[in-house]
1. Fewest to most neighbouring Cβ within 10 Å: what's the order for B:Met1, A:Met27, B:Met54?
2. Let me have the 222 nm mean residue ellipticity of chain A computed from DSSP H runs of 4+ only, each contributing -39500 (n - 2.57), with the sum over all residues rounded to the nearest 500.
3. If one takes the longest principal axis of the Cα atoms in chain B, at what angle in degrees, from 0 to 90 and to the nearest 10, does the Cα axis of helix B:40-60 lie?
4. Just want to confirm a number: the relative contact order over chain A, from Cα pairs under 8 angstrom separated by 6+ residues, in percent.
5. For B:Leu34, what residues show an amide H to amide H distance below 5 Å, using hydrogens built from the backbone and excluding near sequence neighbours?
6. Helix A:9-19: angle to the longest alpha-carbon principal axis of chain A, degrees 0 to 90, nearest 10?
7. Using a 10 Å cut-off around each Cβ, can you sort A:Phe88, A:Phe101, A:Phe15 from fewest to most neighbouring Cβ atoms?
8. Connecting C-alpha atoms closer than 10 Å in a GNM of chain A, tell me which of A:Pro91, A:Pro69, A:Pro103 has the biggest fluctuation.
Amino acid sequence: MRVIEPWVEGPLRAFLNESAARLTLLMTASGQVVAQHGFTRSLDVMAAAALGAGILASTFEIARLMDSPPLDEVAHEGTRLGFYLAGFETPRGRWVGLVVFGPETSLGLVQLFFGRLAADLALAAPAAEPSGQVLAENFEGELNASLRALFGR
Amino acid sequence: MSLADTLAAVTRIPGVRGALVVSGRDGLVVAEALMEGVDGRAVAALTGSVAGRMLGLTGALGAPPPALLHLQAAEGALLAAYAPSGLLVVAVTAPDVNAGEVRLALLQAAEHAA
């Protein structure tokens, strides 16, 4: 497991233990990765984050077009793997979770414990810090630091 | 018989706090009739998991699949009957319920939910 924000680690570890999920990715609504478990390559995690955030953004827009409340959860169950994608509110803004699970668990368990993860994150989140100006000279260093935190290199 | 009627046959027994029809493989609620304070989503997810493991256990032992699961706890009990379709009919009860009556009602409900 790799996390950018240390306070995410406890709730995420509890979720992984209880849900038996194979892969988990937490990201902001814009696709910025906050934590990941199970991914081994940076390319995979970036692509999954972008696709996951895009899918939820699309469902949000479909709901808006249909004058329906936002659709916060998407689930897909294949023969070998299932995918669960859900948005939730945190004190740090709207986040998205992508969970990949196998037949050793179930959609119901993933859904149940993901709800608890969202609640635990809301409780664990420290107060939002004022966002600093992103300067070009800092950008590369910050990006590299985030990648090191997520992939350990 | 509708799923609502199926559940009503279980919930009318004194001491039953709620009844659900659960998709065994997914652990999701198909239908529910629960008293306030009973988290149907949690009951469905956890019962689906336990019932699935019991099926795996009996299969590994070479025994026939179970028809009914009964978990007795200090403050209540959980009973689940396996329907042939893969659905589970589940009851959450108080500790002093007539367990025999609940088991009979669940097995009959499982036949209707097949």
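FYI, it's all coordinate maths here, none of it is from the lab. Nothing here was measured: the structure is a model prediction, and the numbers come from that model. Methodologically, a virtual Cβ is constructed for each residue, glycine included, from the backbone with ideal geometry; neighbour enumeration extends over all protein chains shown.
1. Ascending Cβ contact count within 10 Å gives the list B:Met1, B:Met54, A:Met27.
2. Computed mean residue ellipticity for chain A: -15000 deg cm²/dmol.
3. Roughly 30 degrees, rounded to the nearest 10.
4. Relative contact order here is 29 percent.
5. For B:Leu34, whose amide H was placed from the backbone, the distant partners under 5 Å are B:Ala19.
6. 20 degrees
7. Details: A:Phe88 18, A:Phe101 21, A:Phe15 25.
Lowest count first: A:Phe88, A:Phe101, A:Phe15.
8. Comparing A:Pro91, A:Pro69, A:Pro103 in a Gaussian network model of chain A, the most mobile one is A:Pro69.
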